[in-house]
Amino acid sequence: MAVVPKFVGERIKRREDPRLISGTATYVDDVRLPDTLAAVVLRSPYPHARINSIDVAAARSAPGVVAVLTGGDLKDKVGGIPCVAPAEHIPFHPLLAQGKVRFVGESVAIVVASDAYKAQDAADLIDVDYNPLDAVSDPEKALEDGAPVLHEEFGNNLVTRALVPNPAVDEAIAKADKVIKFRIVNQRLAPVPMEPRGVLANWHQASGHLTIWTSTQIPHLLRSGLAAVLGLPENRVRVIAPEVGGGFGAKLNFYREEALVAYLSRMLGRPVKWIERRRENLAATTHGRDQITYLEVPVKKDGTVLGIKAKFICDMGAYLQLLTPAIPGFSGLMMTGCYKIPAMSFEQVMVFTNKMATDAYRGAGRPEAAYIAERTMDMVAGELGLDPVEVRRRNFIPKEAFPYATCAGLVYDSGDYNAALNKALEIVDYPKMRAEQADALKHGRYVGIGIASYVEICGLGPSVMLPPKVPGWESATVRMEPDSRVTVLTGISPHGQGQETTFAQMAADAFGIDIDDVAVVHGDTAIVQYGVGTFGSRGLSVGGAALMMSVGKVQDKLKKIASTMMEAPPDQLTFANRTVALKSDAAKSIPLQAVVDAAYGWKMPIPGMEPGLDATSVFEPAGCTFPFGTHISVVEIDPDTGVVKFLRYIAVDDCGNIISPLLVAGQVHGGIAQGIAQALYEEVVYDENGQLVTATLMDYAAPRAQMLPRYELAHTVTPSPLNPMGVKGVGEAGTIGSTPCVVNAVMDALKPLGIRHIDMPLRPEKLWRAIKDAKKA
Amino acid sequence: MFPGQFEYHRAASIKDALDLLKRYGDDAKLLSGGHSLIPMMKLRLAQPAHLIDVTKIAEMRAISESGGKIVIGAAASHDAVANSSLVRDKLGLLAEAAAAIGDVQVRNRGTIGGSLTHADPAADYPAAVLALEGEIKLERDGGARTIKAADFFLDLMTTAVQPGELLSQIAFAPIPTGTGYSYQKYPHPASGFAMVGVAALVSLDRSGKIASSRVGVTGLGAKAFRASAVEAALAGKAADAATIAAAAARTADGIDALGDIHASSEYRAELARVYARRTIQAAVARAKA
Amino acid sequence: MRVNLTVNGQPRSDEIEPRLLLVHYLRDVAGLTGTHVGCESTLCGACTVLLDGKAVKSCTVLAAQAGGASVTTVEGLAKDGKFHPIQDGFWEEHGLQCGYCTPGMMMAAVDLLSRTTNPSEDEIRHALEGNLCRCTGYQHIIKAVQYAAEKMRAAAGR
């Protein structure tokens, strides 16, 4: 009999892929139910307007139309979209606009027809009489007296103000050799998962059951939310996240359309489907970032950073989605980065504007923090005439200091920041590259080297760190079936991350069985025990830890049974090659199947033992994990056009132990691409009147293959002590390291011209203009 | 995403298409590759009641040489033009412009006639067709007329095509041997259209001076144009870097440049000058080779 | 109107509305849901299929226009129960994560490999400029195409 190999740590082809590459995977729009109706949403073309009236008569009588709803039809019949994060002002968030629209793309009416073409025909016939109002899109202007007020009941546009004071920072500012002040912007971004959102709802009248297929990262949390909004018992609501085509935080939410389509299915007694179009996705799916930060950084002449003081203006948009006001907190708490900065303080002012809500987008608050920390380090180096490497080294938290309590009150689990930096410097051959850079400049070529040493907070997380109703634990069930195959039910909801593979690797090794003998199930609340979901790089570090808890319980039971059969103590037993064997002598073994047969009581029930082989566990992490690394990019700027060309891109990441190297590389690559996109290309643009300018992919510059470099990856491995696998999480690392790395490289290239800072995205025109102005001066 | 209703007609011949055009008048639109029209219909910015598909008319897809001219059927796809050995041999500039359009899927489907009649200010073809002095044939009931490329583009998305007319083919004189050419564009980072595109043809005399040049520019203004000031500044001069730079500096003279979030009018004008310089230099290098 | 065409080698004849887009025809009439819709501006390439052997964005082709043509979708790539080399390449090199762009990406790659048997990295990046991927950062997709190219060259004895 062939030997069963080990899987953890090996290059394993994904188990998910055959269905995806054959075109047989089932995304929401691929689910087919008989008699399904199609819904089309009519959206506001105005950023801010009062609705005088809506005439739906022509639409209601159009061919194929079954129903048309407006805000008035829903008033007092259904709840609003919840925001679970605390804030001073949380407005009612209706499913369809109630008397007023507050951003371009806000849902005003919904049409249900026999097919989407006919629904669109009818939507075109709806006549909405709007009375346009002044709008505000600039969050700083939204706070000024006399600014248009979005929610009259609050009297102004303040969402909430968060203060983390610390007088030590002001003392540091008073006694510093120098105080570096600057303002930086993390611009608004659109997540753009390739699969837009989509919902299919099917109400079963006789049983009072609602089934919803929706493109989500959080099926269980959504079930709770839907049940509450619709007034249904939670055990009659089933949420299925089928194949999900990317999320990046945008699907870590509860959207109007999910409740609307469910409501309509119940009202009409038929399945109703709504599929988001890309224009809707850019206008009415959550955006990310959109923070302005004013910084004061006291330093000593040798580059030691004595503190950071920050004021944030955070643009929340027109309504609050699930976690909207919770995101900026991470930016503040993480802005000291990898550095032993003794004091920090910040104030965050969160503001309503006539724009779509912001919420989590890959990194969710930490890319902003890393951008602050790493631009700060380069600013310090620039102002003091020091090498950016030297400044980082001077301020790094030393590896002996872990676990390290930061001045923000976080406890970093483990780290060795110098190791990652050294490895990256070695790969790029830093002294040689600096020499080449100097040489290039002599020939009028602007080459820049950018460094970013980042740390991020992952494995979210202890429940106390998260808002109510979005807990930090995760669940897993492990069931060894009667044929000794294993089924894993996980509460996370992967949508590209590949846990059907990594979890199968882990379970297979634990039981000494083949990876093909493990099936991983997720994303169906009727099958899987309550869980939390996939976000915050928590799938493996929290969901995987829950899995290993359940694995351990099943192993214990198997060992207990085997010990009676083998007359050996349970702690002397191990699993290998589809047997239970003596640790000391693998030849002394019995087939795993024989133990399973006993467990199920097929032959001889073990007295006093409950038949069956399954276990469910919940892992509540004791703390967050803190992955880190150093990214280095080398770029060249064409001074004639301002175009940035990549010469090298090196990423050294430390995500703790690596279960699946191929998948880790994939996560890092994709993260880097999105981070570079923030640095160079992407920005959601609203004009000053609140009109959405980047309304299609013809305007919003999501990068194509030619706009991105070849990535050179390496790793250091510093295990986390907080979970049994020693993993840290890697889903967001690339995004967090790459943005400051690329901006630092571009600014480094322009340093000889005396250019200090340019806000993202570093569009060629901005660089061209800065170069032109610098040369003029 | 869902076009409004219309009737679809497939024309078997040019005459057939003209008859349908006559019958349905303003309610009808000609459909070739559909890569300009269908996106507008999906947004319901265009809602024609009748579509007349001309892509199955064989003579409109043909690429041939006759009477000393290279003749491109209006329904020839960008991919067909880019990869036609005849075009690559004798009309390399057009092949280069065709290969720069959009992406492979768009090139496989979009057609030269469709692109020219749509007259998007950021389309690639117009720069090359202007520089190559293409002759555009417009068929109409009872006859045809030929119009010079220079007279074809009137304004933003407006051409000399009259109601009832059908663009059937474009004819070009082959590029003489010894004439260098180049088409280069600065692609829009999101759409891939030409934020600026410059097509240059340069002939040198025996002494290496510039005998003649033709420079077409797209993306900069409301319509593509010939940069006559640049051409005049090159004429009879030595083909050196200083001359080329001085001439290229005049590319945007007198043009009301477009602007958007990715490139203001000022920056676009500068891009036009830079790209004119680069394409002319590349054309000169090829002329010398 | 009636449209007659061949989809993945099977002749079909269907009554359709003239306005029906090819992608909706494939998904809703022919029941082939492997072809995805990712935008409506002919940009993202998720809907790419082969029309008479060439990659096209099926969201910008009317089903009526495809009358008489032969369409190949992702479902038609595998032959005799064996994956096409491009499918093997994507699987082997981890060329996908969420999988939504993958069918269109593979169809664009098949067009490229029909034109050139040994594309360089630059040529592959250029050939895929009509397809957006948000997960992979493209590097593994490029390796997937190179893997397929090599496998196809080996099969052709080159």
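The values are calculated or read from the model by the stated rules, or taken from the named source; none is laboratory data. Computed from a predicted model, the values in this text were never measured in an experiment. Glycine gets a Cβ as well: all are built from the backbone with ideal geometry, and neighbour counts include every protein chain shown.
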Residues (under 28 Å from residue A:421 (Cβ atoms), out of contact with any Phe, Trp or Tyr (no Cβ under 9 Å at 6 or more places or on another chain) and not in a loop (DSSP other than H, G, I, E, B)) located in segment A:452-464: none
Residue B:231, sole failed condition from (1) within 24 Å of residue B:94 (Cβ to Cβ); (2) touching a residue at least 24 places away in the same chain (Cβ under 8 Å); (3) among the acidic types (Asp, Glu): (2)
Single residue of B:129, B:104 found to be within 14 Å of chain C (Cβ to nearest Cβ) and crowded, with 24+ Cβ neighbours inside 10 Å: B:104
Test set (1) within 30 Å of residue A:235 (Cβ to Cβ); (2) out of contact with any Ser or Thr (no Cβ under 7 Å at 6 or more places or on another chain); (3) more than 14 Å from chain C (Cβ to nearest Cβ); (4) crowded, with 16+ Cβ neighbours inside 10 Å - residue A:201 fails condition number: (2)
Identity of the residue in segment C:98-111, facing chain A (nearest Cβ under 7 Å) and touching a Lys or Arg at 6+ places or on another chain (Cβ under 9 Å), that ends up nearest to residue A:670 (Cα to Cα): C:98
Filter pass, residue C:114 being more than 7 Å from every other protein chain (Cβ to nearest Cβ), out of contact with any Ser or Thr (no Cβ under 9 Å at 6 or more places or on another chain) and hydroxyl-bearing (Ser, Thr, Tyr): yes
Filter pass, residue A:472 being in contact with a Cys (Cβ under 7 Å, 6 or more places away or on another chain) and either in a loop (DSSP other than H, G, I, E, B) or more than 14 Å from chain C (Cβ to nearest Cβ) (or both): no
Within segment A:25-61, considering residues that are within 31 Å of the chain's Cα centre (by Cα), within 14 Å of chain C (Cβ to nearest Cβ) and aliphatic (A, V, I, L, M), the one nearest to residue C:35 (Cα to Cα): A:25
Close pairs (7 angstrom Cβ cut-off, 6 or more residues apart or separate chains): within 16 Å of residue B:107 (Cα to Cα) and free of Cβ contacts under 8 Å to residues at least 24 places away in the same chain in segment C:22-48, surrounded by 24 or more Cβ atoms within 10 Å (Cβ to Cβ) and not basic (Lys, Arg) anywhere: C:41/A:697; C:42/B:35; C:42/B:106; C:42/C:59; C:42/C:60
Set C:78, C:64, C:69, C:55: member being in contact (Cβ under 8 Å) with a residue 24 or more places away in the chain and surrounded by fewer than 23 Cβ atoms within 10 Å (Cβ to Cβ): C:69
Residue list for segment B:145-204, restricted to those being free of Cβ contacts under 8 Å to residues at least 24 places away in the same chain, charged (D, E, K, R) and assigned to a strand (DSSP E or B): B:145, B:148
Set B:160, B:98: member being of a type outside the set (D, E, K, R) and out of contact with any Lys or Arg (no Cβ under 9 Å at 6 or more places or on another chain): B:160
Condition broken by residue B:229, with the remaining ones in (1) more than 19 Å from residue B:251 (Cα to Cα); (2) assigned to a helix (DSSP H, G or I) satisfied: (1)
Among residues of segment A:646-657, those that are surrounded by fewer than 24 Cβ atoms within 10 Å (Cβ to Cβ) and more than 13 Å from chain C (Cβ to nearest Cβ), counted: 4
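Test residue A:502 against the criterion of being among the β-branched types (Val, Ile, Thr) and part of a helix (DSSP H, G or I), and give yes or no. Full working, then the answer.
Numbers: among the β-branched types (Val, Ile, Thr): yes; part of a helix (DSSP H, G or I): yes.
Spelling it out, residue A:502 is indeed among the β-branched types (Val, Ile, Thr) and part of a helix (DSSP H, G or I).
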Residue check, residue A:13 facing chain C (nearest Cβ under 9 Å) and either part of a loop (DSSP other than H, G, I, E, B) or over 25 Å from the mean Cα position of the chain (by Cα) (or both): yes
Single match in B:199, B:194, B:149 (criterion: in the same structural domain as residue B:81 (by TED's automatic domain parsing), modelled with pLDDT of 95 or more and of a type outside the set (S, T, N, Q)): B:149
Residue satisfying condition, being touching a residue at least 24 places away in the same chain (Cβ under 8 Å) and either facing another protein chain (nearest Cβ under 7 Å) or among the acidic types (Asp, Glu) (or both), within set C:121, C:129: C:121
In segment A:209-256, residue surrounded by the most Cβ atoms within 10 Å (Cβ to Cβ) [restricted to those that are touching a strand residue (DSSP E or B) at 6+ places or on another chain (Cβ under 8 Å) and β-branched (Val, Ile, Thr)]: A:216
Criterion (crowded, with 20+ Cβ neighbours inside 10 Å, in contact (Cβ under 8 Å) with a residue 60 or more places away in the chain, of a type in the set (A, V, I, L, M, F, W, C) and not assigned by TED's automatic domain parsing to the domain that holds residue B:157) met by exactly one of B:93, B:21, B:31: B:21
1 or more residues farther than 25 Å from residue A:420 by Cα, acidic (Asp, Glu) and more than 9 Å from chain C (Cβ to nearest Cβ): qualifying helices (runs of 4 or more DSSP H) within segment A:661-777: A:764-776
Residues of segment B:38-67 classified as of a type in the set (Ser, Thr, Tyr) and either in contact (Cβ under 8 Å) with a residue 40 or more places away in the chain or surrounded by 20 or more Cβ atoms within 10 Å (Cβ to Cβ) (or both), total: 1
Scan of segment A:579-616 for residues that are within 25 Å of residue A:489 (Cβ to Cβ) and buried (at least 20 other Cβ atoms within 10 Å of the Cβ), ordered by number: A:580, A:592, A:595, A:596, A:598, A:599, A:613
Index of the failed condition, residue A:728 passing every other in (1) under 22 Å from the mean Cα position of the chain (by Cα); (2) surrounded by fewer than 24 Cβ atoms within 10 Å (Cβ to Cβ): (2)
Among the residues listed as B:269, B:245, the single one being closer than 15 Å to residue B:200 by Cβ, assigned to a helix (DSSP H, G or I), small (Gly, Ala, Ser) and within 12 Å of another protein chain (Cβ to nearest Cβ): B:245
Matching residues in segment B:210-268 - criterion: being surrounded by 24 or more Cβ atoms within 10 Å (Cβ to Cβ), more than 30 Å from residue A:686 (Cβ to Cβ) and touching an Asp or Glu at 6+ places or on another chain (Cβ under 6 Å): B:213, B:215
